[in-house]
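Accompanying notes for the structure given below.
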Amino acid sequence: MRDDDSNKKEKQDERSGVSRRDFLKISSISVAVPLVAGPKAVLAAGEQVPVHGPGAGAMQFTINGKKYKANLEPRVTLLDALRDEFDITGAKRVCDRAECGACTVLINNKPVYACSVLAIEAQGKQVTTVESLMQQGKLHPIQQAFVDNDASQCGFCTPGFVVACKAFLDKHPNPTAEDIRHGLSGNLCRCGTYHGIQQAIAQVAQKGA
Amino acid sequence: MPDYSWPDAGHRTLIGKRISRVDSPVKVSGQAKYTYDVKRPGLLFGKILRCPYAHAKVISIDTSAAEKMPGVKAVHIIQKSNSTIHWAGDEIVAVAAVDEPTAEDAIRSIEVKYQKLPHLVSDAEPPKGAAEAQGPISMDDIDEMLDNQVPPRQMVEQIQQYGITSKPEEETLNGLKEDGATDDVINAIRAATVHPEEGTRPKSNYQKAAAQTVGDGEKAFAQAEVSSEGLYGAPVITHCCLESHGSTSEWTDNDHLLVHMSTQNVSGIAGQMAELLKVPATNIRVHQDHIGGGFGSKFGPDRWGIATAEISKKADGKPVRIMLERDSELKVAGARPSAYARVKVGAKKDGTIVAWQSESWGTGGPGGGGMPPIPYVLSIPNQRKEHTAIRNNIGPARAWRAPNHPQAAVITMCALDDLAAKLNMDPLEFFLKNIELATKDRQNTYREELGIASDLMGWKQKWHPRGQNASGNVVRGVGLSMHTWGGRGHASDCDLTLHPDGSVDIKLGTQDIGTGTRTTILIVAADTLGIPMDGIKLYIGDTLYPPSGGSGGSTTPGGVSSSTRRAAVDARDALFAKVAPALNAQPDDLESVNGTVRVKSNPSKSLSWKEACSKLGAMPVTVRGKNPDKSKPPDLTNSGVGGVSMAEVEVDTDTGVVKAKKMVAVQDCGLIIDLKMAESSCYGALIMGISYALFEEKVMDQTTGRMLNPNMEYYRLAGLNDIPELVVHMMTGKGYDERGVIGLGEPPVISPGAAISNAVANAIGVRVPFLPLTPDRVLAALSQKAGA
Ligand code: FES
Ligand code: FES
């Protein structure tokens, strides 16, 4: 949605090579990001700051223990890189702005919203997606518990929930009902599978995952 | 004549049991491929430029910069200069590029000039004396309705009610057809009365329908000893499917199109696209493995779906994907119409309801919106009803899970609950007392269900006269509501093939929208053939397979289970005919149980399923089962269910925050195929009910005409933290099973809103008129009560 004014504004931004949306995304990169392609450096607040893009650069990732390479613009999110570059589509794009949890993956074992992490930031870290939970054709206990407790209907929120539940249970092996309600309130389901999800977590917590 | 009827309880091996969904493993492991996940070779990414104004004329479109941009493969104007736009977010131009960022850049480079026009995005009570006159309809009006995606049923009603301005040429009718007019609409135009002298009809935003009366309202109110008046309603909400609407289209050659689409209507999409793309429907293949929610909003290809095919054509047939962004999904991809009403209800002192009077209004966007079925469930003997549909610029409405029923439940059940309060009656007793106003066939069901729900809720202990609470700022209350739905099975064809090696495959052009259609089909087939479910390969979600109806209105379970049952019985009997000589028996003395075909009277005479199938000879046997099929009785599906919801809530009278504490659903749906999935449907519906009762509303900005909350932060869905204790009870056994299969998608979602509203009124002693019951509304009601 833009009116004439913002149109002009975007154009100016375009000319400088960075649109407003890109700027928002770029501005969250810290200097500590391991850099694969040599960035330009600019002086900002008296310090040399590396600047990427707007063009594509080579990036490298470790996803589910495997190495992946791609040529990506710095504005590309981890979620889009997973889905569009590497065809790893378990994590879903739903809100694309950290509101629903459908894109949940683990970075160094911590759950994150992949839609709100830039791909460039995920370099040099261990990215784990729902696809890796199943081992040798056997479902992870939390996945099996989802099946047993009918915790997915359309299933679009399910991969995000499964990853979030795994991370949650790793941290809270014996959660109370209250822990579950709070710990998993960062994921949303439209079909209303929360009842099954609660039962699934209870099943795993009882057995010990 | 083979016996197609459903096996009785003693002979069901799978039907009615608790069985895990067959597609859960692929869903929990992230392997299930949704339309959003389909990545075809050479995929181009499509994006849409949308109009920022709620009502405007397109003056000029300049796409030259986009066209020159490296990486942009096609630019396609969806609505040309001079088009009138009727809602913010409507589609203007689509582009396709090698990646998404480039497509976004291209969209940003397009310059569109608009002339803004005055808009209306409010659905507040129509002003008294608003222009309501309605003249006959011109062919331009019809064109505009098509453009505005007015549902065909509504168009037919209007054409029948108002007539047309002139008899159209055949050519004009063909044009309308091309623009998407259905046969029903064309037939209505042909049959319409022509009123040329009345000229063009006024374009009022308000369409008032003629008053409807039953019995004698005036007299009945005079006789009513107690009456109650109030304001009730439910706002426009969105579907908010987690997988947004969208598709990927590619031309596999000059005139063959392959479409992957997120749809509730696989078999029906090709025909809809064919007319617009001017290729035969048989040249269009539609495929879908999984869909991330539809809830009634995904029956057509939509403008953006047609655009994928158009842009693909411009881009040498390359696959083009357009999936809506979240904001567009909430703005333009469907909404549930609002409905509000001023209601007066009257009863005798003993609680017998005698009269109903309502002035209702609501909007379904550009198409207006009809009156919900009020009074709901109970046919009150004397009624007077008026309804005004508001046509406005909030965007098109679509069917939303149980179309019109949740609104009807809120208006009716809340008005009646207020009347019960005025009578100083427990609403449970009040509804039971009036249950004879429900349709005869369901009265016992409601009685039984109310009793069971009451026990499960602990109603007797929890109910208290309105507002009479233990002291304190946190107060509790309980409420209830009843509902009904049809749910008869739709048309469905099923091909079942037995192979000589014992393998079985089944093909239906149906879809599993998260309601467990795959599992339903496999349970029915495996139960009938006497083999395990994993011995059957099931193929659905493709126009290559026999057509099955769209998944709407809870019609799928009845449809696919009936066609599958008939196919499986015929296939089994064909097998028995071949096997009988080998077992030295008559075919009808055979049965197939637990993977063996055996002689009923002498079960030791048997063959394994595999051995039995080897008797088929060299060729597989394929049979087609159909629904409906009068030649193969009995009718295996049925229509008409009853259900009850009860809610217990806690309200903080300082903050106005409502929390659901416990919800109960008691539901019948005829013969249940899978008890586990049936219960899930009800749990999900209760949760969705909590969501629309407490949080959901499409909020429009009156000044800009845009939606203010097109995201998932401010368009709030219930989360895990909002979910209380949930109790579900399915009605089964005698009186239910023998009715045949009836769908369950809609009914349990109807009542929770009304039940929660009633529980809040019970807790705080005053009605909060409109859903959602947000803290500001609760506080406003409380302060009104304090002031009264
Ligand atoms: S898509 Fe990332 S949180 Fe919603
Ligand atoms: S299962 Fe459909 S959104 Fe959660």
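The values are calculated or read from the model by the stated rules, or taken from the named source; none is laboratory data. In this text the structure is predicted, and so the values were computed from the model without any measurement. Backbone-built Cβ (ideal geometry, glycine too); neighbour counts: all protein chains shown. To get the accessible areas, we keep the full protein, side chains included, count just its heavy atoms, and leave off ligands, DNA and RNA. Shrake-Rupley method; radii C 1.70, N 1.55, O 1.52, S 1.80 Å.
A few notes on this one:
- Answer from A:G186, A:G192 - the residue that is farther than 17 Å from B:G30 by Cα, at pLDDT 95 or above, away from ligand 1 (no atom under 16 Å from the Cβ) and not assigned by TED's automatic domain parsing to the domain that holds A:G65: A:G192
- Qualifying residue in the stretch B:154-165 (condition: at pLDDT 90 or above and open to solvent by less than 70 Å² (accessible area, probe 1.4 Å)): no
- Residues in the stretch A:98-108 that are within 16 Å of ligand 2 (Cβ to nearest atom) and without any contact (Cβ under 8 Å) to a residue 60 or more places away in the chain: A:C103 alone.
- Which numbered condition B:N709 fails, given (1) in contact with a strand residue (DSSP E or B) (Cβ under 8 Å, 6 or more places away or on another chain); (2) away from every other protein chain (no Cβ under 11 Å): (1)
- Of all the criteria given as (1) in a loop (DSSP other than H, G, I, E, B); (2) open to solvent by 20 Å² or more (accessible area, probe 1.4 Å); (3) at pLDDT below 95, the one not satisfied by B:K80 is (3).
- Filtered by the rule that a residue be within 7 Å of chain B (Cβ to nearest Cβ) and open to solvent by 20 Å² or more (accessible area, probe 1.4 Å), the stretch A:184-197 gives A:S185, A:H195.
- Residue in the stretch A:135-150 that is at negative phi and within 15 Å of ligand 1 (Cβ to nearest atom) present: no
- Single match in B:M707, B:M688 (criterion: over 28 Å from B:L522 (Cα atoms) and among the hydrophobic types (A, V, I, L, M, F, W, C)): B:M707
- Scoring A:R181 on the criteria (1) at the interface with another protein chain (Cβ under 7 Å from one of its Cβ atoms); (2) farther than 16 Å from A:G101 by Cβ; (3) away from ligand 2 (no atom under 16 Å from the Cβ) leaves a single failure, condition (2).
- Residue that is farthest from the other protein chains (Cβ to nearest Cβ), among those in the stretch A:101-110 that are within 16 Å of ligand 1 (Cβ to nearest atom) and part of a loop (DSSP other than H, G, I, E, B): A:C103
- In the stretch A:33-52 there is at least one residue matching the filter, namely being within 14 Å of chain B (Cβ to nearest Cβ) and at pLDDT 50 or above.
- When B:E67 is tested against the conditions (1) part of a helix (DSSP H, G or I); (2) within 11 Å of chain A (Cβ to nearest Cβ), the lone failure is (2).
- Residue list for the stretch B:717-767, filter: in contact (Cβ under 8 Å) with a residue 24 or more places away in the chain, part of a loop (DSSP other than H, G, I, E, B) and of a type in the set (K, R): B:R767
- In the stretch A:72-94, the residues that are on the phi < 0 side of the Ramachandran plot and more than 9 Å from ligand 1 (Cβ to nearest atom) reach residues that are part of a loop (DSSP other than H, G, I, E, B) and open to solvent by 10 Å² or more (accessible area, probe 1.4 Å) with C-beta atoms within less than 6 angstrom, at least six apart or across chains, in these pairs: A:L72/A:A56; A:E73/A:G53; A:E73/A:A56; A:P74/A:H52; A:P74/A:G53; A:L78/A:V117; A:L82/A:I88.
- Boolean, B:Y683 is open to solvent by 10 Å² or more (accessible area, probe 1.4 Å), under 20 Å from the mean Cα position of the chain (by Cα) and at the interface with another protein chain (Cβ under 10 Å from one of its Cβ atoms): yes
- A:G90 in a loop (DSSP other than H, G, I, E, B), more than 16 Å from ligand 2 (Cβ to nearest atom) and not basic (K, R): no
Let's see how each residue does on (1) assigned to a loop (DSSP other than H, G, I, E, B); (2) among the hydrophobic types (A, V, I, L, M, F, W, C):
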residue	(1), (2)
B:H483	no, no
B:T497	no, no
B:I513	yes, yes
B:T520	no, no
B:A526	no, yes
B:L538	no, yes
B:G552	yes, no
B:P557	no, no
B:D588	no, no
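- First in the stretch A:144-173 and at the interface with another protein chain (Cβ under 8 Å from one of its Cβ atoms) and farther than 23 Å from B:L744 by Cβ, second anywhere and part of a helix (DSSP H, G or I) and among the β-branched types (V, I, T), Cβ under 7 Å, 6 or more apart: A:P159/A:V130; A:V162/A:V130; A:V162/A:I142; A:V162/B:V28
- Among the residues of the stretch B:421-452, just one is of a type in the set (A, V, I, L, M, F, W, C) and crowded, with 24+ Cβ neighbours inside 10 Å, namely B:F431.
- Of everything in the stretch B:23-40 that is open to solvent by 10 Å² or more (accessible area, probe 1.4 Å) and at the interface with chain A (Cβ under 10 Å from one of its Cβ atoms), the residue that is nearest to B:E679 (Cα to Cα) is B:P25.
- The stretch B:623-646 - residue that is basic (K, R) and not in a strand (DSSP E or B) and, of those, farthest from B:K440 (Cα to Cα): B:K632
- Count - residues of the stretch B:581-610 that are open to solvent by less than 90 Å² (accessible area, probe 1.4 Å), over 19 Å from B:D3 (Cβ atoms) and over 45 Å from the mean Cα position of the chain (by Cα): 7
- Taking the stretch B:303-321 as the range and being in a helix (DSSP H, G or I) and within 14 Å of B:H260 (Cβ to Cβ) as the test, the residues that pass are B:W304, B:G305, B:T308, B:A309, B:S312.
- Test result for A:P111, touching a residue at least 40 places away in the same chain (Cβ under 8 Å), more than 16 Å from ligand 2 (Cβ to nearest atom), of a type outside the set (A, V, I, L, M) and surrounded by 24 or more Cβ atoms within 10 Å (Cβ to Cβ): no
- Looking only at the stretch B:86-103, and only at residues there that are outside any strand (DSSP E or B) and open to solvent by less than 10 Å² (accessible area, probe 1.4 Å), the one that is nearest to the other protein chains (Cβ to nearest Cβ): B:G89
- The stretch A:124-156, subset under 13 Å from the mean Cα position of the chain (by Cα) and open to solvent by less than 10 Å² (accessible area, probe 1.4 Å), residue nearest to ligand 2 (Cβ to nearest atom): A:V130
- Considering only residues in the stretch B:686-701 that are under 20 Å from the mean Cα position of the chain (by Cα) and of a type in the set (V, I, T), the one that is farthest from the other protein chains (Cβ to nearest Cβ) turns out to be B:I690.
- The strands (runs of 3 or more DSSP E) located wholly in the stretch B:211-276 that include 2 or more residues which are buried (at least 22 other Cβ atoms within 10 Å of the Cβ) occupy B:226-234, B:246-253, B:256-261.
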